[in-house]
Structure formats: C-alpha cells, structure tokens
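Participant: Provided herewith is a single structure, encoded as structure tokens, for subsequent inquiry.
The values are calculated or read from the model by the stated rules, or taken from the named source; none is laboratory data. Since we're looking at a predicted model, the values are computed, not measured. Note that we place each Cβ from the backbone using ideal geometry, even for glycine, and neighbour counts take in every protein chain shown. Note: accessible area is taken over every heavy atom of the protein model, side chains too, but ligands, DNA and RNA are not part of it. Shrake-Rupley method; radii C 1.70, N 1.55, O 1.52, S 1.80 Å.
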Amino acid sequence: MYPLFESVCIENSQIKNAAYHEARFNRSYILQYKTHPTYTLFDGIHLTNLDDNLKYKLRIGYKQNGTRFSFSEYENSIPTSLKVVNDDTISYALKKNNRKKLNALFLKREEADDVLIIKNGLVTDASYSNILFFDGKQIVTPSTPLLEGTCRARLLAINRIVEKSISVDELQNFESFQLINALNDFDESRWIPIQNIKKD
C-alpha cells in the first residue's frame, strides 16, 4: 500500500512545479515516517512517448521504501459553484489516499459542483483544491488551508497572492473566487462571482 501521493501536472513534456512537489514530499515523508527519505519523488520517472499537445496527470504514490506512478491524459475540470459545509474535526495536512472524510463532505454539495469546507468558523479549501478570493484590490487565500497545495505555495512565494484568516461571514467582502491545484493553475480569466458560493 502507498498511503501518500502527489498529483503532478505534465505540460509540453515538462513537470510543472517540480521543486514544490519535491518539497512537500519531503515534509510529508518526515511527518509520516519520522525519518528522511532515501529516494526522491521523481526517481525512475522518464517523460517519454508523451504528446506535447496534451496535458497529463502524473500520479505518484509513495511509501517508506519506494514509489509507484501512472500517467493519464487530463482535461481541465474546474468547479464553478460551491456549497458551504462545516466540519470542525476534519484534518488533511498530508496528501493521503484515505480521503473518506473529504468524500463524505463532498456528498453534501447538493446542486453545487463542490463544497467549501469551514472549520472552526474559518474558510479552508474545496474538496480537491485551494481557493483564492479577489476583493477588487488584491488576491487572498485563506491562511487556514486543510492542505498546502503546490500551486498555492508558488503563488505565495512570488508574492502574487497573500494569506489572510477568512471567516465564513467575510465571504461577502469579496467579488469573486477561483479554485487552484496542481492540475489547474491560477488564471486571470477564470474568476467566478462570489454569489456562486451558496450558504444554508
């Protein structure tokens, strides 16, 4: 069994955000196994026989002594509506195969495409993505994510976005939002009206 994994975007036969995936792999490995890894995330992976015109998802499962990986073609599938759900006990700091609790929350989305998870009154993430908000001046991401995504980490590092604690009541202060993850990068043309986030 490979309890942890990374989902990596391949475009033009190139690995996107490789350094950020490697960094998260190292942090997660140490937290999971209380020791440093003896291999790197991309050991043994060769980008051959890929179509430069296609986007691929590289899924790397890993355990204490090795990895397994697979490639699949990927078409952008980005939710455009969210349902607010509350769960004060959920934890997903490591990217684990066990997504039972996240999947249970996803089932509460009703007519929306995905859920926006609130923990202890604060905005965290959608079920598969970090979230960004725009208030007309700056792009903000919650400082309380369930999982620190690689795209989010890069945008913070280059000062493209800022972190703030965001309560559920403060959602009304924003004009729009968008979801980001390793396969769906930030895109200025992809902002969605904040009204597409539905509360009870």
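Participant: Counting only heavy atoms of protein chains, what accessible area per residue, in Å², does region 1-131 have with a probe of 1.4 Å?
Facilitator: That works out to 55 Å² per residue.
Participant: If you place +1 on the Cβ of every Lys and Arg, -1 on the Cβ of every Asp and Glu, and leave all else neutral, what size is the dipole of region 7-113 about its Cα centre, to the nearest 20 Debye? Write down the numbers at each step before the final one.
Facilitator: Working: 17 positive and 12 negative charges, 128 e Å.
Approximately 620 debye in magnitude.
Participant: Report, in deg cm²/dmol and to the nearest 500, the calculated mean residue ellipticity at 222 nm for the chain, where each DSSP H run with n ≥ 4 adds -39500 (n - 2.57) and the sum is divided by the residue count.
Facilitator: -4500 deg cm²/dmol, from helical runs alone.
Participant: Right, something else. Classify region 67-157 as rounded, prolate or oblate, taking a ≥ b ≥ c as the square roots of the eigenvalues of its Cα gyration tensor: rounded when a/c is under 1.5, otherwise prolate if a/b is larger than b/c and oblate if not. Each step should come with its number before you reach the end.
Facilitator: Values: a/c = 1.33, a/b = 1.10, b/c = 1.21.
Since a/c stays below 1.5, the shape of region 67-157 is classed as rounded.
Participant: Related question: Please calculate the 1.4 Å probe accessible area of residue 38, with all protein chains present, and give it to the nearest 10 Å².
Facilitator: 130 Å²
Participant: Once amide H atoms are built 1.01 Å from N in the peptide plane, which residues 5 or more positions from residue 197, or in another chain, come under 5 Å H to H?
Facilitator: 82
Participant: Now for a different question. Ignoring ligands, DNA and RNA, please state the percent of accessible area on the chain from carbon and sulfur, probe 1.4 Å.
Facilitator: Carbon with sulfur: 47 percent of the solvent-accessible area.
Participant: Scan [x] 53; [y] 46; [z] 50 for the value of percent of Cα pairs over 23 Å apart calculated from this model and give just the label.
Facilitator: Of the listed options [x] 53; [y] 46; [z] 50, [y] comes from this structure.
Participant: Taking H as built 1.01 Å from N, whose amide H comes closer than 5 Å to the amide H of residue 126, not counting residues under 5 places away?
Facilitator: 117, 131
Participant: Using the Karplus equation 6.51 cos²θ - 1.76 cosθ + 1.60 (θ = phi - 60°), what ³J(HN,Hα) coupling, rounded to whole Hz, does each residue of region 81-90 give in order, writing x for Gly and Pro?
Facilitator: Running phi through 6.51 cos²θ - 1.76 cosθ + 1.60 with θ = phi - 60° gives 9, 10, 10, 5, 10, 10, 7, 8, 10, 5 Hz.
Participant: From the square roots a ≥ b ≥ c of the eigenvalues of the alpha-carbon gyration tensor of region 111-200, which class results: rounded (a/c under 1.5), prolate (a/b over b/c), or oblate?
Facilitator: Cα axes put region 111-200 in the rounded bin.
Participant: While we're looking at this one, here's another question. Would you kindly derive the ³J(HN,Hα) couplings of region 98-113 from the backbone phi angles with the Karplus curve 6.51 cos²θ - 1.76 cosθ + 1.60 (θ = phi - 60°), listing them in order in whole Hz, with x for Gly and Pro?
Facilitator: Those phi angles translate into 6, 10, 4, 6, 4, 5, 5, 5, 4, 5, 8, 6, 6, 8, 7, 7 Hz.
Participant: In degrees, nearest 10, range 0 to 90: what is the angle between the Cα axis of helix 18-33 and the longest Cα principal axis of the chain?
Facilitator: 90 degrees
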